Amino acid sequence: MIELRGVTKAWPGGAAVQALDLRVPEGECCALIGPSGCGKTTTLRLVNRLVEPDAGSIRVAGQDVMRQDPVQLRRGIGYVIQEVGLFPHWRVGANVGTVPQLLGWPAARVAARAEEVLALVGLDPARYRDRWPHQLSGGERQRVGVARALAADPPVLLLDEPFGAVDPLRRAQLQGEVLALLRRLRKTVLLVTHDVQEAVLLGDSVALMRAGRLVQHAAPAEMLARPVDAFVADFLGADRALTRLGLFRIADLPREAASVPGAALPEATTLREALAAMLARGSLAVPVAEGGSLGLEALLRGAAGLEAPPRSR
Ligand SMILES: Nc1ncnc2c1ncn2[C@@H]1O[C@H](COP(=O)(O)OP(=O)(O)O)[C@@H](O)[C@H]1O
Ligand SMILES: [Mg+2]
């Protein structure tokens with residue numbers, strides 16, 4: 001669990017974070033979004049004490065971070081940044097083993113753990129262990145960065161725009177894989193992004209900041225349906241109703257019996273894709289592969305009542 005209460009941090013140029021209250025329950029992912037310069041990175045770095053607060057309290061797993069040795073604290077918190085920060089003159093295996101080695105694990109155990117986490121993030125240890133960082137693609141480097149953060153099995157991970165440098169084609173896959181992995185491992189995650197789609201797809205909750213303050217913190221479907229003010233509505237985009245349809249699937253709605261012609265859509269199809277199929281076909285309903293059909297009215301009415309966060313899948 002990560003908990004910030006009344007946290008304030010000012011730089012000589014002005015306040016970066018002001019009276020911030022934010023709680024991320026154990027095992028959940030909170031996506032922190034907002035315009036550039038609103039204080040996202042500062043908030044993240046306050047959690048692992050790369051930045052010290054002027055006021056307020058910060059707890060990780062119930063412990064006040066200000067009462068812990070910063071170096072010890074950081075070894076217990078995985079941290080992944082866009083630039084990854086791999087040591088260029090260390091091979092992948094050594095990079096991944098950094099924290100276990102600092103913790104004094106025996107060399108054989110460090111090496112075995114490095115192989116284990118490389119496999120976890122989808123990199124074949126035999127192929128990647130002995131490479132140099134410059135011999136990796138952007139996506140592979142990012143995976144190595146995640147592997148390194150997971151190596152000592154910390155309960156908490158801080159991710160600062162971790163997919164920003166990955167090319168858009170590979171990005172969706174990497175996002176999906178990494179978040180599924182972190183969920184399976186029941187990690188508590190604070191994920192910074194400036195990308196609304198990424199935030200609503202990956203976060204159990206979304207926290208939107210503006211000029212150092214928290215404006216709204218809610219489940220993605222809730223925020224998309226009910227932004228608290230014009231700033232939130234604007235930031236989420238005029239197409240937020242469509243974005244919201246992308247959070248749910250045909251399987252989330254009851255099926256209708258009516259028989260409809262055309263190629264059937266699998267139940268895993270998002271409601272956004274189902275709506276697109278209706279538009280493309282000029283049809284008010286689509287057949288569903290598992291039987292029955294879904295009509296436009298049922299889709300729109302049903303989606304309005306759905307509140308399930310991404311985690312429920
Ligand atoms: N080390 C620093 N020294 C002075 N000002 C900083 C420092 N780090 C961040 N800031 C300022 O604090 C504000 C918030 O920055 P940051 O947390 O990096 O925003 P974000 O990650 O949301 O883009 C910005 O105005 C930035 O210029
Ligand atoms: Mg930032």
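A few comments on the model shown:
- Legend: ranking of residues 273, 116 from fewest to most surrounding C-beta atoms inside 10 Å; resulting order 116, 273.
- Student exercise, the chain dipole from Lys, Arg, Asp, Glu Cβ charges, in Debye to nearest 20: 620 debye
- Tail fraction, Cα-Cα pairs, the range 98-186, threshold 15 Å, whole percent: 59 percent
- The slack in the chain from residue 137 to residue 72, taken as 0.36 nm per residue of separation less the alpha-carbon distance, amounts to 20.2 nm.
- The mean of 1/r over all pairs of different alpha-carbon atoms in the chain, once inverted, gives a Kirkwood hydrodynamic radius of 21.1 Å.
- Arranged from fewest to most other beta-carbon atoms within 10 Å of their beta carbon, 136, 20, 191, 265 become 136, 265, 20, 191.
- P(r) tail fraction, the range 1-46 - alpha-carbon pairs more than 12 Å apart, %: 64 percent
- Counting DSSP beta bridges with both ends in the chain, the antiparallel % (nearest 5): 55 percent
- Convex hull of Cα atoms in the range 118-166, direction-averaged projection (nm²): 3.6 nm²
- Whole-Å semi-axes of the ellipsoid equivalent to the range 1-79 (Cα gyration tensor, √5λ, descending): 19, 15, 12
- Evaluated over the range 60-136, the Cα radius of gyration and Dmax, each in Å: 14.1, 42
- In this simple spin-label model, placing a label point 7 Å from the Cα along the Cα-to-Cβ direction at both residue 233 and residue 296 gives a separation of 2.4 nm.
- Applying 1/(1 + (r/R0)^6) with R0 = 25 Å to the Cβ-Cβ distance of residue 258 and residue 304 gives a FRET efficiency near 0.75.
- Under the criterion of Cα pairs below 8 Å and six or more residues apart, the relative contact order for the chain equals 19 percent.
- The range 246-312 - Rg (one decimal) and Dmax (whole number), Cα, Å: 11.0, 33
None of the figures in this text is laboratory data; all of them are computed from the coordinates on show. Computed from a prediction, not measured in an experiment: that's the story for all the values here. Virtual Cβ from ideal backbone geometry, glycine too; neighbours counted across all protein chains shown.
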